[in-house]
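Worksheet for the structure shown next.
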Amino acid sequence: MAQLFSNRTRDAGPDAGDVAGRDDDARAQAHERALALLADREVISQTDQKRIEATARRTNELMGALAVKLGVAPESKIAEALAEIGGFGVIRAADFPLDMPYGDKIRADFLERYAVAPIALNDGRLTLAMADPFDDYAAEAVEYLIERPIIRAAASASELEAFIARQRALNAAPASEIIVDATDTDLERLRDLASGAPVLRWVNAVLERAVIARASDIHIEPEEHAMRVRFRIDGALAPTEPPPPSLSDAVVSRLKIMAKLDVSERRRPQDGRAKIAVRGGEVDLRVTTTPSLHGEGVVVRILNRDAAMLDLDRLGLSDLALERLRAAIGQPQGAIFATGPTGSGKTTTLYAALRAINDISRKIVSVEDPVEYRIPGITQIQVQPAIGLDFASALRSVLRQDPDILMIGEIRDEATASVALDAALTGHLVFSTVHTNSAAATITRLHDLGAPRFLVADTLNAIIAQRLVRRLCPTCAAPASPSAEQLRALYAGLAAPPRAPEFHESRGCEECGGSGYRGRLAVCEILTSSPRMRRLIADGAETDAIEAAASNEGMVSLKDEAIALAAAGLTSLDEVVRTCWRR
């Protein structure tokens with residue numbers, strides 16, 4: 001990552017020494033005022049403000065740089081605060097041009113070092129985007145080089161770095177120079193390109209942008225003449241800036257090298273892991289590749305290692321759902337299943353449940369494919385079907401290790417279901433996931449996998465059916481009246497529908513990137529065991545009958561739970577329809 005802001009002490013050489021010294025105090029004061037502005041607006045806490053001020057006095061660094069380095073404030077907020085303090089404009093990623101003015105007169109290493117970039121020439125004046133618009137030396141140096149007056153504007157340092165890297169890459173080599181065949185010579189050339197500065201900068205920048213944007217995945221998809229890059233943010237895909245076409249193959253190879261995959265293998269899917277450091281914290285990556293018509297596609301799953309996320313109280317569950325879940329995991333033995341589509345947060349919920357009951361007196365073992373989060377105090381096993389270590393065989397081995405609690409990544413066959421339920425029957429607390437549409441349907445699914453009804457009835461503690469809905473952005477959410485179709489669906493079967501509460505809809509703003517949503521909430525229905533429920537399951541009751549009995553015993557359906565969130569203004573009816581409507 002390029003230097004975010006130049007420090008007060010410069011090392012640009014004797015020709016810059018006197019010039020650099022003049023603006024140091026003014027820059028430091030501007031950063032201090034920008035930090036105070038963010039504290040006044042509660043973007044950062046008063047405690048963080050004092051910590052940064054104390055560190056700046058000790059290290060002689062600028063406070064804006066420290067706020068970003070310590071992860072206290074995003075670069076965009078620092079840029080906006082500096083712009084407001086100095087009366088400068090703000091340049092965003094969408095404002096960067098395809099071609100940089102005066103790219104032939106200003107060296108890229110200078111632009112990277114001082115985090116500045118020429119943006120546009122209007123009326124004889126050049127707009128210069130700067131991570132630190134109070135850096136007089138950088139602005140005056142550019143003004144001297146191009147012999148034109150400068151208009152300063154603030155910009156995010158990472159966006160500036162990505163723009164400069166793209167310009168460097170575009171000028172570095174034509175696409176024809178790096179077309180890759182399957183020969184050893186070309187593969188060696190590709191490895192060299194993958195280790196080159198333009199590719200390293202682009203990959204590092206896109207990974208950092210994804211983490212800052214709270215993306216769960218990065219989708220890199222080859223097309224005929226270009227590459228499409230998208231972030232999955234809050235469950236929805238959004239496009240982002242792709243690499244230059246000349247770097248497409250090298251970008252894929254760089255990600256494969258990071259994940260310790262075979263660069264020469266392009267015909268078969270591969271799966272690997274990597275770690276990166278972003279803003280002082282470690283982030284785990286899962287990298288999967290798949291061959292397609294126009295080349296290899298890559299999906300990077302971003303796994304936040306912040307264990308605080310794996311906390312039952314932070315999942316966003318309703319009070320009733322949380323109470324029922326805590327009661328289920330508090331049992332000494334039995335089975336707890338989580339169900340829902342891919343990406344619905346099942347594994348996160350089970351990990352949070354495990355952390356809630358993880359203590360030194362219990363041995364907890366998980367068997368997963370893959371291991372998503374790494375949790376201290378839990379023995380985690382990665383299945384490897386290629387060597388015969390599947391779920392069922394791994395579980396049989398684990399049961400000889402005297403565990404108290406087991407987590408099984410997924411029950412997908414009769415052998416795994418049998419071992420899991422036998423373990424729950426013989427004194428173990430077992431957690432697992434099953435792919436079904438509702439809590440009640442899980443009973444039928446387990447029976448279809450060969451599990452006897454009486455065994456399911458005897459071992460079941462709870463079934464959690466889960467979805468994730470996007471949380472409305474608090475900045476731009478606005479009241480909205482439901483349509484007639486939505487009202488009919490909301491109150492189907494009622495002769496006289498009650499007066500509808502006031503719902504809200506997404507509008508989109510700068511804070512949420514125009515999506516109208518920021519963050520997600522878990523929506524759950526939790527079916528718990530009871531004498532009546534056990535009788536119904538053992539007697540072979542249909543899914544509808546089990547669902548009706550669970551409702552009478554206090555289970556709130558996914559649909560009703562989601563509607564309650566919409567009525568509270570936390571999500572929109574569009575999200576309820578998208579995720580929880582059962583037609």
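Looking at segment 384-490, the helices (runs of 4 or more DSSP H) lying wholly inside it that each contain 2 or more residues that are out of contact with any strand residue (DSSP E or B) (no Cβ under 7 Å at 6 or more places or on another chain), open to solvent by less than 50 Å² (accessible area, probe 1.4 Å) and without any contact (Cβ under 8 Å) to a residue 60 or more places away in the chain sit at 391-399, 414-425. With respect to A259, determine if the residue is among the aliphatic types (A, V, I, L, M), surrounded by 14 or more Cβ atoms within 10 Å (Cβ to Cβ) and more than 23 Å from the chain's Cα centre (by Cα). No, not satisfied.
Would you mind stating whether P403 is modelled with pLDDT under 90 and touching a His at 6+ places or on another chain (Cβ under 8 Å)? For P403, the condition - modelled with pLDDT under 90 and touching a His at 6+ places or on another chain (Cβ under 8 Å) - is not met.
Checked against the criterion of being within 21 Å of Q167 (Cα to Cα), open to solvent by 50 Å² or more (accessible area, probe 1.4 Å) and out of contact with any Asp or Glu (no Cβ under 9 Å at 6 or more places or on another chain), the candidates A141, A94 yield just one match: A94. Among the residues making up segment 122-140, those that are in a helix (DSSP H, G or I) and in contact (Cβ under 8 Å) with a residue 60 or more places away in the chain are D136, Y137, A138, E140. Test T379 against the criterion of being within 28 Å of G272 (Cα to Cα), of a type in the set (V, I, T) and open to solvent by 20 Å² or more (accessible area, probe 1.4 Å), and give yes or no. Yes; evaluated as a whole, the condition is true for this residue.
Using the structure shown, decide if R582 is modelled with pLDDT under 85, open to solvent by 40 Å² or more (accessible area, probe 1.4 Å) and in a helix (DSSP H, G or I). No: the conditions fail for R582. Among the residues of segment 516-524, some residue qualifies, meaning at least one is under 16 Å from R471 (Cβ atoms) and part of a loop (DSSP other than H, G, I, E, B). Scanning segment 553-565 for residues that are under 11 Å from V523 (Cα atoms) and open to solvent by less than 20 Å² (accessible area, probe 1.4 Å) yields L558, A562. What about G334, is it modelled with pLDDT of 85 or more, at positive phi and surrounded by 19 or more Cβ atoms within 10 Å (Cβ to Cβ)? It is true that G334 is modelled with pLDDT of 85 or more, at positive phi and surrounded by 19 or more Cβ atoms within 10 Å (Cβ to Cβ). The sole residue among V199, V251 that is out of contact with any strand residue (DSSP E or B) (no Cβ under 8 Å at 6 or more places or on another chain) and either surrounded by 20 or more Cβ atoms within 10 Å (Cβ to Cβ) or touching a residue at least 60 places away in the same chain (Cβ under 8 Å) (or both) is V199. For segment 198-235, the tally of residues that are part of a loop (DSSP other than H, G, I, E, B) and closer than 18 Å to S248 by Cα stands at 4.
The values are calculated or read from the model by the stated rules, or taken from the named source; none is laboratory data. Quick caveat: nothing in here was measured; it's all calculated off a predicted structure. Quick reminder, even Gly has a Cβ in these numbers, built from the backbone with ideal geometry, and neighbours come from all protein chains shown. Areas reflect the complete protein model, heavy atoms only, side chains present, ligands, DNA and RNA absent. Shrake-Rupley method; radii C 1.70, N 1.55, O 1.52, S 1.80 Å.
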